[in-house]
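I have placed the structure first, in the form of structure tokens, so that the comments after it can refer back to it.
The values are calculated or read from the model by the stated rules, or taken from the named source; none is laboratory data. Here the structure is a predicted model, which is why all the values come from computation and not from measurement. Counting neighbours? That spans all protein chains shown, and the Cβs are built from the backbone with ideal geometry, glycine included. Protein only, heavy atoms only, side chains kept; ligands, DNA and RNA dropped before computing areas. Shrake-Rupley method; radii C 1.70, N 1.55, O 1.52, S 1.80 Å.
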Amino acid sequence: MTAIDHATISVGDAIAPLERTIGLTDMVAYAGATWDWHKLHYDQAYVAEKKLPGPIVDGQVYGALLVEMLQDWLGPQSFVRELEFSFRNLVFAGETLRCSGTVTAVSADRLEAEMTVVVVAEDGTDGRAAAAPCRAVVLLGRADGPGA
């Protein structure tokens, strides 16, 4: 993906969305990276005992996807300084998440964005909210550069 020219960003611009299907293999890899080995995230027999439809995606994955979306759109000369989001619904292995957002403030060295994470419905539309509201402040340039 080619990053957007930071000089062309305006308030109201849509952030290039990110969609990702979260499979059980992804969830086990994430558990290994974060040392979060709760059985809810990978053990199908355990979640069946709890009468859940499948293993639960770790909620911190939403944050990782939001940062990925922002950095894919803005390129390597961007640094997410602040990220806030609120959990809304459980997401299960095999479901597809869609992250999207809008620029709410922009200056030469930073931007602010409001975002959402939704589960994609069977018909391809936005389904239930996974995380909302979501907010980020992104430095444009270097992490230790202007705006830091």
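Taking amide H as placed 1.01 Å from N in the peptide plane, VAL57 has its amide H under 5 Å from the amide H of VAL91, PHE92, ALA93, each at least 5 places away in sequence or on another chain. Among the protein heavy atoms of the chain, carbon and sulfur supply 53% of the accessible surface, probe 1.4 Å, non-protein parts ignored. Simple spin-label estimate for ARG135 and GLN77 gives 2.8 nm between the two label positions (7 Å along the Cα-to-Cβ direction from each Cα).
Accessible area per residue for the chain is 53 Å², calculated with a 1.4 Å probe on protein heavy atoms, without ligands, DNA or RNA. Looking at region 89-146 from every direction and averaging, what is the projected area of its Cα convex hull in nm²? Dividing the Cα hull surface by four gives the mean projection, 5.2 nm². Coupling constants for region 33-44 follow from the phi torsions by the Karplus curve (6.51 cos²θ - 1.76 cosθ + 1.60, θ = phi - 60°), and in residue order they are 5, 9, 6, 9, 9, 5, 4, 4, 8, 8, 8, 5 Hz; glycine and proline get x. For PHE85, the solvent-accessible surface with a 1.4 Å probe is about 50 Å², rounded to the nearest 10.
For TYR30, the accessible area of its heavy atoms, probed at 1.4 Å with every protein chain present, is near 60 square angstrom. Going through [x] 1.08; [y] 1.02; [z] 0.92, the figure that equals Rg/Rh (Cα atoms, Kirkwood Rh) as computed for the structure here is [y]. At 7 Å along Cα-to-Cβ for each site, give me the label-to-label distance between ALA108 and SER10 in nm. Calculated label separation equals 2.0 nm. For region 48-130, GluC sites (Glu not before Pro) are listed when DSSP marks them as loop and at most 12 other Cβ atoms sit within 10 Å of their Cβ; the list is GLU122. In this simple spin-label model, placing a label point 7 Å from the Cα along the Cα-to-Cβ direction at both PHE92 and GLU68 gives a separation of 2.2 nm. Among the protein heavy atoms, those of ASP26 account for about 80 Å² of accessible surface (1.4 Å probe, every chain in place). What net charge do the residues around CYS134 carry, taking every other residue with its C-beta under 12 Å from that of CYS134, with Lys and Arg at +1 and Asp and Glu at -1? Counting the neighbours of CYS134, the net charge comes to -2.
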